[in-house]
Structure formats: C-alpha cells, structure tokens
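None of the figures in this text is laboratory data; all of them are computed from the coordinates on show. Keep in mind it's a predicted model, so treat the numbers as computed, not measured. Here the Cβ positions follow ideal geometry from the backbone for every residue, glycine too, while neighbour counts run over all protein chains shown.
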Amino acid sequence: MRELTLLEAVREAMAEEMERDPRVLVLGEDVGRLGGVFRATDGLLARFGPERVVDTPMAELSIAGMAVGLAMRGLRPIAEIQFADFIHAAADHLIGEAAKIRYRTAGDWSCPMVLRTAYGAGFRGGPYHSQSVEAFYAHVPGLKVVAPSFPADAKGLLTAAIRDPDPVIFLEHKLTYRSVKGPVPEGEHVEEIGRARVVREGDAVTIAAYGQMLHQVLAAAERLAADGVEAEVLDLRTLLPLDRATLLGSVGRTGRLCVVHEDTLTMGLGAEVAAIVCEAAFDALAAPPLRIAMADLGGIPVADGLEDAAIPDAAEIHERVLGLVRGGSRRRAGAAPEAFDASVPAASSLVEVRLADPHLELVLAAVADACRAFPACNASFDWNDGVRPHEQVRVDLDLGPLSPAAGGGTFTVVDYGPGSSLFGLPAVRPGQTAALRVGAVRDGSALLALTVDHRAVDGAEAGRFLARVKERLESNA
C-alpha cells in the first residue's frame, strides 16, 4: 500500500468524491487558484473547473451560509475555513441552522455539508491562528465532529463525511498535514463516523486522544513501555458522537483512564470522556481519571518557548501517566488525605515576570502582599459556608517530594528554586483556595503559574492576583 501524508489523503478524498458525485463542490477562501492556504485543494480547480471549486470573499459567515443553502438544495458542499480560529464567525449558521434543520423539520429536510478547518498549535501562529475549537461544536446536537490522526483515517472519514446526510465539522490538525505519513488504500475507502480505534494495546492504563496529541501519546507510550507500563492508546477519531462502547471496553480492561487534548482543560472534551467513564464504569476504575490538557490560557502564546510550554508533550504525558499508574488504587474511606483534592474544580493562569533578583524572600513578600489585597486567594471553601478568608497570611513553601512536608499555611508556593522546571501547574492544597508555582529563572525572567479553586476565585481575581505579584517582583528588578 502506498504512503501519503495526511494532507495528501485529505486532497485525494475530495478529488475522488468530486469525480464520483457531480453534486460535490468545494468553496472557501483561496481554495481555487492558490489551492488553499495549506494547499489541501491544490489541483482541484484545474481538474473540476470554477463552477465546482469556488473562491469566496474573506467572509466565514457567508461561506457557511452558502454551504447550508447549497446543501438544502441538493448539493454536497465542502466548505473550508482557513483557520479554526475564524470558525466562530460562522457559528450562527452552523449551530442555529445546519445542526437544527433535521430536528425542526421532523426529518423532512437535511443539510449534507462538510466544513473543513485547520486547528491546533505548534504552527507558531499565536493566539489567532492556533486555537482548538472542538469542545464548542462537540456540544451541539445535530452536528458531527471528526478529528483524524492518521492519513488513512483522514481519507476514510472525510469520504464518509461528504456522503453523510447531516452536517459534519472536519478538523485537521495543522502539524499533522505534512509530518504524519502512513499507508492509505487506493480507490474507495470509507471509515465509519462514530467509531474509535485502539491503535496500541495495553493493560495498565487507557490513554485517549485525537489529532496531533495522539502522536504525542504514542511517543509517551513507548517511554512507558520502557518503564514496564503497557498503555492502551485509544484514538477517538470522532468527537461527536463519542464511541462509548470502545471507550468503556478499554477502561474495563485497564482500570485507569487518561484523556489528553490540546484544548484548554476546563470544559474541554476530556471532561465529557471522564464523565462517561465515571458514570458507566466507576467500579472498574482503580484510580481517578486523569486529564492532561493546555492550561486555561486566554490564547496560544506568541513566543515559541511559551507555546511549547503550554501544550502537552510526550515527556509530560509519560511523567503524569506514570504517576497515575504507580500512585496506587482509589483512596478508601478512612485513608489518609492526599496532597490535594482531585475533586476541586481548579483553573490555572500564567504570567511571565522579570526576575533578575530571584531571592525567596522577595517572592514570599510579594505573595503575602497579594494575599492581603485579594483575600479570596487566601481562604478556604466548603459547600456549607462558602468562601472563608483566613485572618492571617501564612505561606507554605513546597519544594517537592524531597522537601519537608508543608502544612498549616493559608497559601502555598510550589517548587520554587533554581532546580525547578520552567513550567508546571501547582495543585491547590486542602483548606486553601490558591497555590503559586514559580518556574526556574532563565535570562532574567520566570513563569508564574497560579492555580485556584474556581468555586472561590474567578479568572478575573486570579489575573489581578498575578498582576500584583508581578508588579511587586518587577519593582525590585
């Protein structure tokens, strides 16, 4: 079987379906003469002509609206949105029209359209060309959301999407376009939408992922195998509808679940996957599900190093899954409390600070000052009494597993010191609502990561806390 890149597989699927079915057409910005911004439609204009390969203005709302109308009039449009970041401009047609047509007409009308878009980070596109948008649209009944990881799946699933009677959002990770190459069947090849696939068998833990993160997971699984841990890797492939049967079957064999995605943690797809397993297979779990995702940042950083630090990679996945597997079984009633409560709905924020004089006393003083200014970050929370600010500020210092055990404080500074890594997220300790991690100082700057109990501290308050610490530290720079 010949090998294609994922980009070539996408292009072949469109060309073969356009050859097979005269109702299939392509529209979008620069899809014709240029061949698409990533060249996914290269050659289609010369082969099929301008009536079936249509360059549109830079107007995503119009592209989606035209696709909906064409689909309802009997054609099979493939609409391209150059970058997933711009798809939200078309959300009204996708969510309000395409997704609802079959339901609101009691099945009399359908909308057989595909909307292709390139998503994900690693392309050095900054906050406006690097988003992962899957969770927004996997929330919408009536849509199907597909995210292939391999070239054969890209061809087979795109072919299925074009033939599907309902709207499909087809997500193509930019980094996989040319970096991922694999065998692809010649001629007609169709994969069933809604089916996950086990791409590596194992018995210690199920790691579910999709797109570019699936390849990071496979690399991590090789490292885990060297440590004697055989991970079962599950390629979700279809995000809506999720393949519950394959997911639950895998977790039933392994007893542990880790979900990895590039999107932000809070309300990301991993939350739904974990919820399915907890609701349907809780007794099969030997440990709480683990989610590995990007921190809740407002966008993908512009700086290359910061972008790399924000996105999960094979090293992080390996380390955290190893901790999940070797951390023992679920805590039994009456057992000693863990270092943090995994049930806390945590959210994290990140800021870079100039730190030419990284003395611990300066850091602790800046944190104490911010705790006094924003008492919700120096508090405890429970469901009965809500947020209860502590009367005093007592900052614990946790330097890692080799340091003396921290305890009794109202706020924790985590992993501070020249030997710490550049980036990491702290966990909120029992009886506290926030923790700060200070990354290693490099070239006169460091990353501050603040994790908060989101029931007690909202994102705006967390941002103000970090800004206060940053201001105090940089005033001593």
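The figures follow:
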read-out: Taking the convex hull of Cα positions in region 225-335, its mean projected area over all directions (nm²); value: 8.6
read-out: Charge dipole (region 99-253, unit charges on Cβ, about Cα centre) - positive-most of Gly142, Gly125, Pro167; value: Gly125
read-out: Helix 314-326 axis, angle to the chain major axis (alpha carbon atoms, nearest 10°); value: 60
read-out: For region 437-451, 3J(HN,Hα) per residue [Karplus equation, 6.51 cos²θ - 1.76 cosθ + 1.60, θ = phi - 60°, Hz, x = Gly/Pro]; value: 10, 9, x, 4, 7, 9, 6, x, 9, 8, 9, 9, 10, 10, 10
read-out: Nonlocal amide H pairs with Leu422, under 5 Å, H built at 1.01 Å; value: Ala440
read-out: Folded to 0 to 90 degrees: helix 244-254 orientation relative to the chain principal axis, Cα; value: 50
read-out: Where Cα atoms sit under 21 Å apart: lysine pairs in the chain separated by 8 or more or lying on different chains; value: 5
read-out: DSSP-assigned coil residues among GluC sites (Glu not before Pro) in region 12-96, each with at most 15 further Cβ atoms within 10 Å; value: Glu51
read-out: Under Karplus coefficients 6.51, -1.76 and 1.60, residue-wise ³J(HN,Hα) of region 263-272 in Hz, glycine/proline x; value: 5, 4, 6, 5, 6, x, 4, x, 5, 5
read-out: Fraction of beta bridges assigned by DSSP in the chain that are antiparallel (%, nearest 5); value: 40
read-out: Acute angle (nearest 10 degrees) that the helix 212-226 long axis makes with the longest principal axis of the chain, alpha-carbon atoms; value: 60
read-out: Distant-in-sequence amide H partners of Leu25 (H built 1.01 Å from N, under 5 Å); value: Arg76, Ile78
